[in-house]
Amino acid sequence: KRFIEALPATVKTIAVLDRTKEPGSAGEPLFQDCISGIYEGLTNGWGRIHTLPRVFGGRYGLSSKEFTPAMVKAVFDNLKLEKPKNHFTVGINDDVSHTSLEVDPNFSTEPDSVIRSLFYGLGADGTVGANKNSIKIIGEGTENYAQGYFVYDSKKSGSVTVSHLRFGPEPIRSAYLVSRANFVACHLPMFLDRFDMLKALVPGGTFLLNTPFDQNEIWARIPTPVQEALIAKKVKFYVIDATKVARDSGMGGRINTIMQVCFFALSGVLPREKAIDAIKYSIKKTYGKKGEEVVAMNLKAVDNTLEHLHEVTLPNKTNGTGPLLPPITANAPRWVKDVLGRLTAGEGDDLPVSAFPVDGTFPTGTAQYEKRNLAIDIPVWDEKTCIQCLKCVAICPHATIRAKVYDADRLGGAPEMFKSTESRIPDFKGMKFSLQVAAEDCTGCALCVDVCPAKNKTEAKLKAINMQPQPPLRLQERANWDFFLTLPELDRRRIKPGQLRQQQLLQPLFEFSGACAGCGETPYIKMLSQLFGDRAVIANATGCSSIYGGNLPTTPYTTNQCGRGPTWANSLFEDNAEFGLGFRVSIDKQREFASELIKKLAPQLDDDLVTDILQADQSNEVGIYDQRERVT
């Protein structure tokens, strides 16, 4: 009754939006409630309407899809049509059921008085925390209203985070992400090669880049499309080596405070001195419990920031490094490039419905195609100092360091900079040994350097593996890694898994996951996949391991050259011990059933073969290999 009474007498058409989908129903719940309510109201003479309005239902916001003013406009435009589309959707491109409405991507209702900012950071670098502090500083210390949305995936630390901030003199009711920004900041220089972050920057806006190159060097170091956008939009371009400022201030790799100071200095939201005083007050309040030393380091970083902030004078022509890096490597299958590549690039919302698998099945082993290029520094192998203990291979959380032994004739066609040496492992004397780093998959945690026991006898500070800047080595190491993968895997029957230096020659079937840099869990999962991966059945409890293990768009569990790999599953709402027990019971039953079948077939098969299959010892690699040969 209250609903009917609230409807104006002039209403002719109504759109009802549900944030749910009920396949098989006559309509979504709110849509049906409105129709029945209006009909009942008219029947009883309630309210001010006397004729039945046209009512159309639609869906919005499923799976956290955006709902913007442009989509609201699309709904109203649909209602104006002579025959509006019913059971429509907004926010997706439905090219299968053709329910979606066309949306104008350039439509906006935001006033120019609102300062809109985007910050591209690296997970765990403090960017999100600093931006939350900025919101507090502006919201509490000025007359401005503030709003923040923070977008990041489930790749834990080490993935891209995008902070969407708005500040303005009027209350902010924009419940959607920033699509037209006055200020864009890139906190990790590698992101500039991967993401079109100037797409959302308005003409005349400000772009801030954290980079090791100064204002005179940077122009030739950035991709050509970025240069074109900077020139076309007449962007005010600033650079700072925040990583150096952080290190010099004793803060390691935490650049959040430094970039926060730059934002306030460039955005004009607050007078510069007032902003710096507010940041210092916030530092004392936030880090006071961690001790005076931590507070002092942050204050020192604030004081050192502005002298390292420089504006770049834009040339009139481009001379960049070329196009943006593809989100997925060129050797990936087409579907991986067309779908997972778009998801990886943050363009998943633009994909049509038809692009996705009908049954929700995604391929495994796709993390190898991502090449996130997160590391500022990567490990470089010194083959002359190496004792071939393979501790670095064992401890690597992302399987980006691998070792192989192989015959010398396999080196034909090796890249000029590919390193190899004589094997020092007793069982593989006379063979060649190589240790190779996947430079574009490495996260730069340096655990390999920490664990390395071999010392360089001529330079005491060096080991058999040492960290060096990644960008100059990227192309060289990409070629080396590609060649390394062509070298044959050692026959598992020749390897003694009880010896670490031999065990780590086994191929890992868990690689390049989205776990944190330096993760302490993943080396164990990787080792499990090396020892038993081609026959492992994994019941994964919910937690970090289920996120970086079963993540989309790319998946770290993979298969060997025979197509065998771990079988993995996670049940969110089920006790994992019970879940795993179900696996065990099921496999035992399948084995029992298989035994019964082969016994029935014994007259048609060789009796000795049947006996060998049923009594086979499968406690080691040789036994497993022999059993597979019998079965096939």
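Observations on the structure shown:
- Near-label residues of the range 602-632 by backbone N, under 17 Å of a point 7 Å along Cα→Cβ of GLN499: 621-622
- HIS87 paired with ARG19, simple spin-label distance in nm, labels 7 Å along Cα-to-beta-carbon: 2.4
- Efficiency of FRET between GLU40 and VAL96 - r from beta-carbon atoms, R0 41 angstrom, step 0.05: 0.70
- For the chain, the square roots of the Cα gyration tensor eigenvalues, ordered a ≥ b ≥ c, give a/c of at least 1.5 with a/b no greater than b/c, which places it in the oblate category.
- Once the chain from LYS455 to ASP377 is taken as fully extended at 0.36 nm per residue, the excess over their C-alpha distance is 26.1 nm.
- Around LEU30: net Lys/Arg minus Asp/Glu count, Cβ-Cβ under 11 Å: -2
- The chain: antiparallel DSSP beta bridges as a percent of all, rounded to 5: 55
- A Cβ-based charge dipole, computed about the Cα centre of the range 377-519 with Lys and Arg at +1 and Asp and Glu at -1, lands at about 560 debye.
- Difference of contour (0.36 nm per residue) and Cα-Cα distance, THR51 to GLU140: 26.9 nm
- For the range 377-519: rounded, prolate or oblate by the Cα gyration tensor [a/c cutoff 1.5]: rounded
- Taking the number of Cβ atoms within 10 Å of each Cβ as an exposure proxy, the fewest-first ranking of THR555, THR142 is THR142, THR555.
- The chain, dipole about Cα centre (Lys/Arg Cβ +1, Asp/Glu Cβ -1), debye to the nearest 20: 1080
- Packing around the peptides 454-466, 359-371, 181-193, taken as the average count of other Cβ atoms within 10 Å per residue, puts them in this order, highest first: 181-193, 359-371, 454-466.
- Cα centroid separation - the range 386-425 against the range 67-118, whole Å: 55
- Residues in the range 21-60 that a label on GLU5 would reach, taking backbone N under 13 Å of a point 7 Å out along Cα→Cβ: 46-48
- Nearest-0.05 FRET efficiency for GLU416 and ILE387, computed from C-beta distance (R0 30 Å): 0.70
- Which of ARG116, ARG591 has the fewest Cβ neighbours within 10 Å, and the rest in rising order: ARG591, ARG116
- Each other residue within a Cβ distance under 15 Å of ARG342 adds +1 if Lys or Arg and -1 if Asp or Glu, for a net charge of -4.
- What separates the Cα centres of the range 505-569 and the range 318-356 is a distance of 24 Å.
- Value of [θ]222 nm, deg cm²/dmol, for the chain, DSSP H segments ≥ 4, -39500 (n - 2.57) each, nearest 500: -9500 deg cm²/dmol
- The overall shape of the range 1-109, judged from the alpha-carbon gyration tensor, is prolate: a/c is not under 1.5, and a/b is greater than b/c.
- Radius 14 Å from Cβ of ILE598, net charge of other residues (Lys, Arg +1; Asp, Glu -1): -2
- Multiplying the residue separation of ARG173 and GLU629 by 0.36 nm and removing their Cα-Cα distance gives an extension gain of 157.5 nm.
- Note on LYS284 and ARG180: the model spin-label points, each 7 Å out from Cα along the C-beta direction, lie 4.2 nm apart.
- If only the Cβ of Lys and Arg carry +1 and only the Cβ of Asp and Glu carry -1, the dipole of the range 576-631 around its Cα centre is close to 300 debye.
- For ASP607 and LEU581, the FRET efficiency from 1/(1 + (r/R0)^6), where r spans their Cβ atoms and R0 equals 41 Å, is about 0.70.
- Residues LEU17, LEU609, LEU42 in ascending order of nearby Cβ atoms (within 10 Å, fewest first): LEU609, LEU42, LEU17.
Each value in this text was obtained by applying a stated rule to the coordinates, not by laboratory testing. Remember, predicted model here, so these are calculated numbers, not experimental data. Positions of Cβ are backbone-derived with ideal geometry, glycine not excepted, and every protein chain shown enters the neighbour counts.
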